[in-house]
Amino acid sequence: MKSLIKDLVMREIPSGLIERARQRPFLKPFARQAVGAPPIWLMRQAGRYLPEYREVRAKAGSFLDLCYNPELASEVTIQPIRRFGFDAAILFSDILVVPHALGQTVTFAEGEGPRLDPIRSAMDLARLNELQVGRKFELVFETVRRTRAALPAETALIGFCGAPWTVATYMVGGRGSVDQAEARLMAYQEPEIFSRLIDIISTASVTYLDGQVAAGADAIQIFDSWAGSLPDDEFDRWVVAPTRRIVRELKQRYPALPIIGFPRAAGDKIAHYVRETGVDGVSCDTTFSIRGMAELSSAENVVVQGNLDPLLLVTGGAALEKRVEEILTAVSGRPFIFNLGHGIVPQTPPENVAKLVQLVRRG
């Protein structure tokens with residue numbers, strides 16, 4: 001990316017962001033500052049594909065124990081920065097920290113994914129305790145503080161949360177699912193109860209993200225992994241509206257904070273999502289075309305991020321090189337951050353990740 005397009009109708013760029021972007025290249029696209037190669041980080045860059053992560057994970061006990069151990073969580077957050085020199089680290093945690101902080105039982109069974117005690121009624125909803133969230137979150141905030149202090153000055157730190165809709169699908173369903181049917185049914189059959197649940201998650205998420213930024217996060221990503229399962233009217237109600245609320249409340253407190261949305265599999269609803277939520281950046285999944293990313297960036301004046309297939313990172317070689325070149329060519333001259341269309345998978349060879357960083361920075 002040799003220069004930024006000059007004919008974009010610019011959003012107002014807060015001076016504080018411009019100053020921070022001079023130090024941290026990851027922030028430059030949000031400040032509309034020219035860069036050579038685009039910044040790069042990868043979703044799930046701290047994970048099981050790294051032997052050093054597996055060593056720490058074995059020490060930690062349960063997965064949640066790792067999330068709530070500031071020393072170990074900070075260590076695994078920084079591991080991929082040491083190995084690959086990404087432009088940003090992303091906090092090691094999990095989107096289900098929010099329901100756990102609200103008092104819902106959350107466990108992670110090895111090889112089976114998360115398990116929660118489902119919320120299916122007003123009585124179930126009453127079990128949630130909004131007053132206790134700060135105590136659970138404080139351990140995560142300490143991870144952010146430790147990580148920021150240990151990272152190189154030029155490396156940005158990304159905080160995150162799960163979007164209210166996606167978090168609600170786990171809280172209602174009690175586990176992950178292929179179609180989020182339990183949450184979708186509740187939204188249709190008990191809209192008042194479901195709306196209250198979304199409000200509770202949204203309030204807790206603002207508290208969670210606010211604390212991460214106060215502790216040192218430079219930017220925020222909101223993961224809406226199951227956004228694509230909703231039709232357009234429900235998408236507006238359960239994806240767009242709560243995300244807009246979170247963005248608005250954070251921007252009131254931190255006007256210079258870059259916020260990235262990830263409405264996975266939103267397809268042709270993604271431009272509407274960008275316009276209506278007010279996010280500064282949008283992460284595009286593998287199914288979204290590279291031409292679409294370029295057009296979206298120009299039309300909506302938004303930073304785009306994505307969309308390399310994680311399985312190409314497993315494959316490596318000529319296929320990886322070809323696709324990287326195609327992506328870089330398509331988004332040349334636009335505010336762009338190189339990333340995957342979803343998270344790194346466990347079977348990814350670390351040497352292929354190193355090669356990807358080399359390809360992007362060479363391009």
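Values computed for the structure shown
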quantity	calculated
Helices (runs of 4 or more DSSP H) completely within segment 118-176 that count 2 or more residues being more than 13 Å from Ile201 (Cα to Cα) and more than 20 Å from the chain's Cα centre (by Cα)	122-125, 133-150
Which listed residue, of Arg82, Arg22, is at pLDDT below 95 and not in a loop (DSSP other than H, G, I, E, B)	Arg22
Close pairs (9 angstrom Cβ cut-off, 6 or more residues apart or separate chains): farther than 17 Å from Asp87 by Cβ in segment 12-28, surrounded by fewer than 16 Cβ atoms within 10 Å (Cβ to Cβ) anywhere	Pro14/Pro255; Gly16/Pro255
Subset of segment 237-264 (residues that are within 22 Å of Leu17 (Cα to Cα) and aromatic (Phe, Trp, Tyr))	Tyr254, Phe262
Condition met for Thr77 (outside any loop (DSSP other than H, G, I, E, B), of a type in the set (Ser, Thr, Tyr) and open to solvent by 20 Å² or more (accessible area, probe 1.4 Å))	no
Test: residue in segment 218-228 that is small (Gly, Ala, Ser), open to solvent by less than 50 Å² (accessible area, probe 1.4 Å) and touching a Leu at 6+ places or on another chain (Cβ under 6 Å)	no
Subset tally (residues that are more than 21 Å from Pro14 (Cα to Cα) and either of a type in the set (Ser, Thr, Tyr) or assigned to a loop (DSSP other than H, G, I, E, B) (or both)) for segment 183-226	10
So Gly103, is it at positive phi, over 19 Å from the mean Cα position of the chain (by Cα), open to solvent by 20 Å² or more (accessible area, probe 1.4 Å) and touching a residue at least 24 places away in the same chain (Cβ under 8 Å)	yes
Hits in segment 234-250 - residues which are in contact with a helix residue (DSSP H, G or I) (Cβ under 6 Å, 6 or more places away or on another chain), among the aliphatic types (A, V, I, L, M) and without any contact (Cβ under 8 Å) to a residue 40 or more places away in the chain	Val240, Val247
Inter-residue pairs, beta-carbon under 9 Å, first closer than 23 Å to Glu154 by Cα and in segment 39-63, second among the hydroxyl-bearing types (Ser, Thr, Tyr), 6+ apart	Met43/Ser283; Ala46/Tyr53; Ala46/Thr77; Gly47/Tyr53; Gly47/Thr348
Set Pro191, Pro231: member being without any contact (Cβ under 8 Å) to a residue 40 or more places away in the chain and farther than 15 Å from Ala168 by Cα	Pro231
Asp285 in contact with a Lys or Arg (Cβ under 6 Å, 6 or more places away or on another chain) and among the charged types (D, E, K, R)	yes
Check on Tyr188, over 22 Å from Arg120 (Cβ atoms), of a type outside the set (Gly, Ala, Ser) and open to solvent by 30 Å² or more (accessible area, probe 1.4 Å)	no
Unmet criterion (only one of (1) part of a loop (DSSP other than H, G, I, E, B); (2) at negative phi; (3) open to solvent by 10 Å² or more (accessible area, probe 1.4 Å)) for Arg44	(2)
Index of the failed condition, Gly173 passing every other in (1) open to solvent by 10 Å² or more (accessible area, probe 1.4 Å); (2) touching a Ser or Thr at 6+ places or on another chain (Cβ under 7 Å)	(2)
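The values are calculated or read from the model by the stated rules, or taken from the named source; none is laboratory data. All figures in this text were calculated on a predicted structure; none of them were measured in a lab. Neighbour counts run over all protein chains shown; Cβ positions are idealised from the backbone, glycine included. Surface accessibility is based on the protein's heavy atoms, side chains included, excluding ligands, DNA and RNA. Shrake-Rupley method; radii C 1.70, N 1.55, O 1.52, S 1.80 Å.
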